[in-house]
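As structure tokens, the structure follows; a few thoughts come after it.
The values are calculated or read from the model by the stated rules, or taken from the named source; none is laboratory data. Model, not experiment: these values are computed from the prediction. Note: ideal-geometry Cβ built from the backbone for every residue, glycine included; neighbour counts use all protein chains shown.
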Amino acid sequence: MKSSKLIGSVVGLLAILGLSRVALAAPKSCDPTAVAAAQAAIAGACPCAAQASGESWKNHGQYVGCVAHETAKQIAQSHGALSRRCLRSEVSCGARSTCGKPDFFACTVSVAHTCTGDPIPGDGTAAGTCDNPPHLACDTDADCTTTRCSIKSSAELCSGVATTGSCCQ
């Protein structure tokens, strides 16, 4: 009899602990202030130009590792205010950067598309649709311009604007 009460107590305690985990689960929305603070902390700990200590990054992987480590640290230190979902782009943006890659460039190219179906182009009312992406409403062709970014090993390989930093900016 005592063992069944003990088992019941343990099961009850586990259920309570399980419910408390649900209560402490990741937030359903990301607090913009907390996200901005975490992003600033990540940028401060892992500056693109060099390590926070002033030493150059050994390679791109070392920079991306710093971003991944600092992102995990910010999530852990938020005590549930931030989830991985809130900072999901930090590591991928670090990976799509020139940080730790001397002499590499982020190449941004603007691609013009056509706005079709707007009866009065330029009137300020987006009554047409872009040919690409077709779900985008437009008023003029300028509303349909998209940009692409890629990392290249030299500025000469860029067919658009060559900068340093991330393709996520």
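Remarks
- Taking the numbered list (1) without any contact (Cβ under 8 Å) to a residue 60 or more places away in the chain; (2) outside the structural domain of Ala36 (by TED's automatic domain parsing) in turn, Gly165 passes all entries but (1).
- Test: residue in the range 34-57 that is surrounded by fewer than 13 Cβ atoms within 10 Å (Cβ to Cβ), within 15 Å of the chain's Cα centre (by Cα) and over 19 Å from Lys101 (Cβ atoms): yes
- Against the test of being out of contact with any Lys or Arg (no Cβ under 9 Å at 6 or more places or on another chain), modelled with pLDDT of 90 or more, outside the structural domain of His60 (by TED's automatic domain parsing) and of a type in the set (Val, Ile, Thr), the options Thr129, Thr147 yield a single qualifying residue, Thr129.
- Ala81 being at pLDDT 95 or above, under 21 Å from the mean Cα position of the chain (by Cα) and surrounded by 12 or more Cβ atoms within 10 Å (Cβ to Cβ): no
- Residue list for the range 70-94, restricted to those being among the polar types (S, T, N, Q) and assigned to a helix (DSSP H, G or I): Thr71, Gln74, Gln77, Ser89, Ser92
- Residue count for the range 55-74, restricted to those that are more than 13 Å from Gly44 (Cα to Cα) and either in contact with a Lys or Arg (Cβ under 6 Å, 6 or more places away or on another chain) or hydroxyl-bearing (Ser, Thr, Tyr) (or both): 2
- Filtered residues of the range 98-120 (kept if loosely packed, with under 15 Cβ neighbours inside 10 Å and more than 27 Å from the chain's Cα centre (by Cα)): Thr114, Thr116, Gly117, Pro119, Ile120
- Residues considered: Gly100, Gly94. Of these, the only one that is at positive phi and of a type in the set (Gly, Ala, Ser) is Gly100.
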